[in-house]
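K.L.:
Could you have a look at this structure, given as structure tokens, before my questions?
What follows is calculated from the coordinates using simple rules that are stated; it is not laboratory data. Since this is a predicted model, take the numbers as computed values, not measurements. Virtual Cβ from ideal backbone geometry, glycine too; neighbours counted across all protein chains shown.
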Amino acid sequence: MAVIGERLPEIVGKSVAEAGIIDVHTHLYSAPFGDLLLRGIDELLTYHYLIAETLRCMPIKPQAFYAMSKREQADLIWKTLFLERSPISEACRGVLTALQEFGLDTASRDLTCYRDFFSSLAITEHIDMTFNKANLEAIVMTNDPFDPNEYKRWEAGISGDPRFLAALRLDPLLNTWASIVPILQGRGYRVDKDIGEATVSEILRFLENCYEKMAPLYLAVSLSPDFAYPDISPRGKLLKDAVLPFCREADLPLALMIGVKKLTNPALGVAGDSVGKASVDAVERLCASNPEIRFLVSMLSRENQHELCVAARKFPNLKLFGCWWFLNNPSLVEEMTAMRLELLGTSFIPQHSDARVLDQLIYKWKHSKETITKVLVKKYQDLVDTGWILTEDEIKRDVDSLFRGNVNEALHLA
């Protein structure tokens, strides 16, 4: 059936709305991880985006804010950003979208009512409702083997929800090697600060043990704007001699999230990170020197996006994913998605949620789908204007690739 004329927006919108999603990067956990899974209105309100926004508006010092209980923090943020000002920022709108999707009356502004609703939900019920509303098939967690709370659960042989897939996060190993050495030594690994052959062998043993416990779909690391490759620093040595060989041997992708400046304002804690322009040269060198390894890459600076997109045209082993962190705003999602479609066709992963609170899955995907639909309608209309005959099945095929098929391909899920 040909898609023509005024039906195009309707068909594209329906295809995107109904598309099942595999969320390739989140910070969420399945029910057996217990309190590691953040959920509910107080967690939504105390998300670090909203903390930073609140502390811009209030004379309260960060130390005093963080001394408050979670509930007190949420009360202050609600009062400051939702009652004393119009909640127009993307982070504020997201909270309201989540409440609305759960059937709650946002016009009431009744925080007590919202708390009562979320407190009534059992954890498995809450997960099921969220997945259904966001039309999620699966999500990929971020699993840190150096987090003691998480590590002890993996050591206990935790069995999780099959919709929650693992990813092995290597930030402490690669970015703070000196502080990780005693931890690995305490777990029986014979490592040394000087990264010789024996230490590399032990790190490979550590990675293999993590792989056996977690069955991760990829290895991942968040990197600062000064990331370089090749590099003679401990990070460079560990990457070259241990992580890349392990990815090659295990046939696992390496996900690189590049451009975060940690604790630009230390007083803000987790809300104090910022962004910096990084070098795409490092990504190109990695891809060129390791053609058999799949790289998933997301960069945080808007200024990096065009150069990164061009790099992806040159390297089949480079898959772009998502509009990360400060880029996950509708105006920037629209700009980046249009550019990627124009340069890469449909051979990229347009979005991931990066959700740290379960309920964020709802608004982050709803808002992203709305924006991606807008871009796709424009691009398909451009195609139809050339005389090309486009069918509904072809649109559904493309949309499926964007929201799940490209993830399946990148991670070898199917």
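K.L.:
If a residue must be farther than 19 Å from VAL407 by Cβ, touching a Leu at 6+ places or on another chain (Cβ under 8 Å) and of a type in the set (A, V, I, L, M, F, W, C), how many such residues does the range 328-374 contain?
P.N.:
2
K.L.:
Can you tell me which of GLU137, GLU155, GLU150 is under 30 Å from VAL243 (Cα atoms), acidic (Asp, Glu) and buried (at least 18 other Cβ atoms within 10 Å of the Cβ)? Spell out how you get there, then give the answer.
P.N.:
On the way: GLU137 fails: buried (at least 18 other Cβ atoms within 10 Å of the Cβ); GLU155 fails: buried (at least 18 other Cβ atoms within 10 Å of the Cβ).
Answer to the selection: GLU150.
K.L.:
I need the full set of residues from the range 194-203 which are part of a helix (DSSP H, G or I) and touching a residue at least 24 places away in the same chain (Cβ under 8 Å), in order please. Can you show your working first?
P.N.:
The first filter runs over the range 194-203 and keeps only residues part of a helix (DSSP H, G or I), leaving 197-203.
Within the range 194-203, VAL200, ILE203 qualify.
K.L.:
Quick check on the range 12-34: of everything there that is touching a strand residue (DSSP E or B) at 6+ places or on another chain (Cβ under 9 Å) and part of a loop (DSSP other than H, G, I, E, B), which residue is surrounded by the most Cβ atoms within 10 Å (Cβ to Cβ)?
P.N.:
VAL24
K.L.:
Right, here's the next one. Mind listing just one residue for me: the one in the range 35-68 that is free of Cβ contacts under 8 Å to residues at least 40 places away in the same chain and under 29 Å from PHE131 (Cα atoms) and, of those, surrounded by the fewest Cβ atoms within 10 Å (Cβ to Cβ)? Write out each step before concluding.
P.N.:
Filtering the range 35-68 down to residues free of Cβ contacts under 8 Å to residues at least 40 places away in the same chain leaves 35, 46, 53-54, 56-60, 64-65, 67-68.
From the residues that got through so far, the ones that are under 29 Å from PHE131 (Cα atoms) too are 35, 46, 53.
Working: ASP35: 9, THR46: 22, GLU53: 20.
Among residues in the range 35-68 that are free of Cβ contacts under 8 Å to residues at least 40 places away in the same chain and under 29 Å from PHE131 (Cα atoms), the one surrounded by the fewest Cβ atoms within 10 Å (Cβ to Cβ) is ASP35.
K.L.:
Also, I was wondering about something else. Just give me the residues in the range 270-311 being among the acidic types (Asp, Glu) and surrounded by 18 or more Cβ atoms within 10 Å (Cβ to Cβ), in sequence order.
P.N.:
Residues satisfying the conditions are ASP273, GLU284.
K.L.:
Here's another thing I want to ask about it. Six or more apart or on different chains, Cβ atoms under 9 Å: show the pairs whose first residue is in the range 372-390 and over 19 Å from ILE21 (Cα atoms) and whose second is of a type in the set (Asp, Glu) and surrounded by fewer than 16 Cβ atoms within 10 Å (Cβ to Cβ).
P.N.:
The qualifying pairs are LYS379/GLU342.
K.L.:
Still on this structure, I have one more. I'd like to know if the range 171-184 contains one or more residues that are of a type in the set (A, V, I, L, M), out of contact with any Gly (no Cβ under 7 Å at 6 or more places or on another chain), outside any strand (DSSP E or B) and within 21 Å of ALA250 (Cα to Cα).
P.N.:
yes
K.L.:
Given the residues SER353, SER401, SER368, which is the only one that is under 16 Å from ALA19 (Cβ atoms) and in contact with a Cys (Cβ under 8 Å, 6 or more places away or on another chain)?
P.N.:
Checking each option against the conditions leaves just SER368.
K.L.:
List, please: which pairs have Cβ atoms under 6 Å, are six or more places apart or on different chains, and start with a residue in the range 265-293 that is more than 19 Å from PRO59 (Cα to Cα) and end with one that is among the β-branched types (Val, Ile, Thr) and exposed (fewer than 14 other Cβ atoms within 10 Å of the Cβ)?
P.N.:
Qualifying pairs under 6 Å: SER274/THR264.
K.L.:
Across the range 225-242, what is the number of residues that are under 23 Å from the mean Cα position of the chain (by Cα), surrounded by 15 or more Cβ atoms within 10 Å (Cβ to Cβ) and more than 18 Å from ILE203 (Cα to Cα)?
P.N.:
Residues meeting the conditions: 3.
K.L.:
Among PRO253, PRO245, which is touching a residue at least 40 places away in the same chain (Cβ under 8 Å), of a type outside the set (Ser, Thr, Tyr) and crowded, with 19+ Cβ neighbours inside 10 Å?
P.N.:
Testing whether each residue is touching a residue at least 40 places away in the same chain (Cβ under 8 Å), of a type outside the set (Ser, Thr, Tyr) and crowded, with 19+ Cβ neighbours inside 10 Å leaves just PRO253.
K.L.:
Considering (1) under 22 Å from HIS126 (Cβ atoms); (2) of a type outside the set (D, E, K, R); (3) over 26 Å from the mean Cα position of the chain (by Cα), say which one SER86 fails and leave the rest.
P.N.:
(1)
K.L.:
Go through the range 204-231 and give me each residue that's in contact with a helix residue (DSSP H, G or I) (Cβ under 9 Å, 6 or more places away or on another chain), of a type in the set (Gly, Ala, Ser) and assigned to a loop (DSSP other than H, G, I, E, B).
P.N.:
Those that are in contact with a helix residue (DSSP H, G or I) (Cβ under 9 Å, 6 or more places away or on another chain), of a type in the set (Gly, Ala, Ser) and assigned to a loop (DSSP other than H, G, I, E, B): SER224, ALA228.
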